[in-house]
1. So ALA112 clears everything in (1) among the small types (Gly, Ala, Ser); (2) touching a residue at least 40 places away in the same chain (Cβ under 8 Å); (3) farther than 15 Å from TYR88 by Cα except one condition, right? Which one?
2. Search the range 84-108 for residues being touching a residue at least 60 places away in the same chain (Cβ under 8 Å) and outside any helix (DSSP H, G or I), and hand back the single one that is least open to solvent (accessible area, probe 1.4 Å).
3. With the condition kept exactly as written, say whether any residue in the range 119-141 is part of a loop (DSSP other than H, G, I, E, B), of a type in the set (A, V, I, L, M) and under 17 Å from the mean Cα position of the chain (by Cα).
4. Would you please list the contacts, defined by Cβ atoms under 8 Å and residues six or more apart or on different chains, that run from a residue in the range 161-177 that is of a type outside the set (Val, Ile, Thr) to a residue that is outside any helix (DSSP H, G or I)?
5. Between LYS174, LYS142, which is farther than 21 Å from PHE53 by Cβ, basic (Lys, Arg) and open to solvent by 10 Å² or more (accessible area, probe 1.4 Å)?
6. For the range 73-83, what are the residues that are open to solvent by less than 40 Å² (accessible area, probe 1.4 Å) and either farther than 20 Å from ASN31 by Cα or in contact (Cβ under 8 Å) with a residue 60 or more places away in the chain (or both)?
7. Filter the range 33-72 for residues that are in contact (Cβ under 8 Å) with a residue 24 or more places away in the chain and not in a helix (DSSP H, G or I) and give the result.
Amino acid sequence: KWEQEDNNWHRAISAYKLLNFTQEETIALLNAQNISDDEIKNNIYRITDGTPFYINACVRRFYNLLDRGEAITVDKFGANKDELMERYARDYDLQTKQIIYVLSFIQPFTEAIAEKIMPTIIPDYSRERLKKLLNLSIVTRKNDAYSIQNTVADIFATNCPDDFHDKIITESAKYFVANDKILNLLNLFSDEIKRNSNNQGATLRLAELV
């Protein structure tokens with residue numbers, strides 16, 4: 001499964017180079033992942049401009065399509081980075097999506113904070129699933145603080161269902177207030193303003209708690 005290989009692959013391309021790959025380098029990396037279709041490989045380079053994170057997203061997408069037995073065609077990757085990431089986000093199962101929704105709103109977060117907040121929002125929350133997710137390439141870590149990669153976080157936050165968004169904001173704010181996590185609360189409030197959320201009711205409740 002690609003989920004099992006994702007972190008090793010990401011570490012490999014990250015260690016290789018921080019700048020974008022050339023087309024030749026990108027194709028060599030895709031060959032190493034057993035992607036042989038020239039049209040697919042050239043299209044991946046066109047979409048990603050050789051950016052390691054987006055190449056990683058394309059490889060994950062490729063193997064998710066393969067696992068589901070779907071035809072792997074150029075259009076399955078989208079026409080640009082935004083379309084690629086929208087398709088990438090769809091590939092996660094429901095609970096993993098729900099966990100990413102939550103993390104996208106409360107970042108930066110520690111594992112301890114995430115474990116406290118999750119059960120109040122996701123009744124059947126799986127701690128093991130969170131730990132697995134924290135090892136994927138969409139997550140960055142600095143000391144004890146984790147963040148979802150910005151592009152992924154923005155896509156998940158933007159596409160979060162309104163009722164679930166409302167629950168995330170309300171329960172997260174309650175936790176931050178009750179535990180004197182003022183900086184986390186301010187980050188939550190600031191990100192809501194930046195994203196111009198349509199869910200004004202949840203934002204107003206957050207303002208009341210502040």
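The values are calculated or read from the model by the stated rules, or taken from the named source; none is laboratory data. Only a predicted model underlies this, so the values are computations on that prediction, with no experimental measurement involved. Reconstructed Cβ throughout: ideal geometry from the backbone, glycine too, with neighbour counts over all protein chains shown. Calculation scope for accessible area: heavy atoms of the full protein, side chains included, ligands and nucleic acids excluded. Shrake-Rupley method; radii C 1.70, N 1.55, O 1.52, S 1.80 Å.
1. Condition not satisfied by ALA112: (2).
2. Restricting to residues being touching a residue at least 60 places away in the same chain (Cβ under 8 Å) and outside any helix (DSSP H, G or I), the top hit is GLN107.
3. Yes, the range 119-141 contains at least one residue that is part of a loop (DSSP other than H, G, I, E, B), of a type in the set (A, V, I, L, M) and under 17 Å from the mean Cα position of the chain (by Cα).
4. Close Cβ pairs (under 8 Å, with a partner that is outside any helix (DSSP H, G or I)) amount to ASP162/ASN198; ASP162/ASN199; HIS165/SER197; HIS165/ASN199; ASP166/ASN199; ALA173/VAL210; TYR175/LYS181.
5. Within the list LYS174, LYS142, the selection yields LYS174.
6. Within the range 73-83, GLY78 is the sole residue that qualifies.
7. Selection gives GLN33, ILE35, ASP37, ASP49, GLY50, THR51, ILE72.
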